[in-house]
Number of protein chains: 2
Amino acid sequence: MTEPLSDTQQAAWRAFVESSWALHNRLEDDLRATTGLSMSDYHVLVVLSETPEHRLRMGELASRLVFSPSRCTYQITTMVKRGLVRKQSCCDDGRGQEAVLTDAGMAALTAAAPLHLATVRETFIDDLDDAELATITRVFGRLGPRLRTQPVAV
Amino acid sequence: MTEPLSDTQQAAWRAFVESSWALHNRLEDDLRATTGLSMSDYHVLVVLSETPEHRLRMGELASRLVFSPSRCTYQITTMVKRGLVRKQSCCDDGRGQEAVLTDAGMAALTAAAPLHLATVRETFIDDLDDAELATITRVFGRLGPRLRTQPVAV
């Protein structure tokens, strides 16, 4: 039996989960309306664009995005169909597959980035003072690596 | 042209958006695997369970969850099909519709809550000290109302 949250923890959790979930939905709605991309598309494009040669093994991509294998496979399949990425066998050992950013994928990211930035500023970042920025960086900087080391259920 | 983020803002944004997005995906994956509910289902059930008489006008529900009208209609339609909520005309003026929590919806929420709580503790809350909890409550407590006053794109 998991211990119930304290009042302080409950207040933080409810504020965080409802507002950040609404923010992700808003970012997704705005991104879809202006560019046709989902947030999952956008995150994949950002991650691939920052790797050397714009490519990454599927397993590493799933780990980087904290995707379950089934979610990652589904996501990349939809992006291949739209020409945003392509899959190819890994060059070093012939086993496994890499996701590779296409020119169309890079163009979609370049077009989307400034529109996305405007939403990011208006909805979240412009509201934060220096101390809050520092706490957000610290708290969520710890969260990402922790999620990657915990097993994914599906 | 929106001004680019400063280095400090960029660090906070990247840490927040990637980790919180991964956390929402993890919560969703765990919730689906253990209960068959999505996070959208779960949030709707929580909101309805906390209202008097377990019912809310569709417009108020959309506002509360910061859903676009199309997202809200789609979400409630899928939940009606699964028997978790029902729609009925508003009793006071006969115009508009309310979403009403069903007994099956309440039972699904009651079954899901402890499983969800365990994930919430393990992934996020147990890691935060008191000062961090206070900052999270303050920052995200401001975010929700702000999102509700900004127009939804779709």
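Consider the range A:30-43. How many of its residues are open to solvent by less than 40 Å² (accessible area, probe 1.4 Å), among the polar types (S, T, N, Q) and in contact (Cβ under 8 Å) with a residue 24 or more places away in the chain? Result for the range A:30-43: 1.
Selection over the range A:100-114 of residues that are in contact (Cβ under 8 Å) with a residue 24 or more places away in the chain, surrounded by fewer than 20 Cβ atoms within 10 Å (Cβ to Cβ) and either in contact with a strand residue (DSSP E or B) (Cβ under 7 Å, 6 or more places away or on another chain) or within 10 Å of chain B (Cβ to nearest Cβ) (or both) gives a count of 1. Of all the residues in the range A:115-135, those that are over 17 Å from the mean Cα position of the chain (by Cα) and either open to solvent by 50 Å² or more (accessible area, probe 1.4 Å) or free of Cβ contacts under 8 Å to residues at least 60 places away in the same chain (or both) number 14. Of all residues in the range A:44-58, those satisfying the criterion of being surrounded by 22 or more Cβ atoms within 10 Å (Cβ to Cβ) and without any contact (Cβ under 8 Å) to a residue 60 or more places away in the chain are A:Val44, A:Leu48, A:Leu56. Take A:Gly83 and decide whether it is more than 20 Å from the chain's Cα centre (by Cα), at positive phi and not aliphatic (A, V, I, L, M). In short, no.
Set side by side, the residues A:Leu27, A:Leu65, A:Leu23, A:Leu61 differ, and just one is within 14 Å of chain B (Cβ to nearest Cβ), buried (at least 16 other Cβ atoms within 10 Å of the Cβ), under 30 Å from B:Asp129 (Cα atoms) and touching a Cys at 6+ places or on another chain (Cβ under 9 Å), which is A:Leu65. Scanning the range A:136-154 for residues that are within 7 Å of chain B (Cβ to nearest Cβ), open to solvent by 30 Å² or more (accessible area, probe 1.4 Å) and in contact (Cβ under 8 Å) with a residue 24 or more places away in the chain yields A:Val152, A:Ala153, A:Val154.
Of all residues in the range A:1-20, which are more than 7 Å from every other protein chain (Cβ to nearest Cβ), assigned to a helix (DSSP H, G or I) and open to solvent by 10 Å² or more (accessible area, probe 1.4 Å)? Result: A:Asp7, A:Gln10, A:Arg14.
The values are calculated or read from the model by the stated rules, or taken from the named source; none is laboratory data. The structure displayed is predicted, hence computed values, not measured ones. A quick note on method: Cβ atoms are made from the backbone with ideal geometry, for glycine too, and the neighbour counts reach across all protein chains shown. The area values use the complete protein model at the heavy-atom level, side chains included, leaving out ligands, DNA and RNA. Shrake-Rupley method; radii C 1.70, N 1.55, O 1.52, S 1.80 Å.
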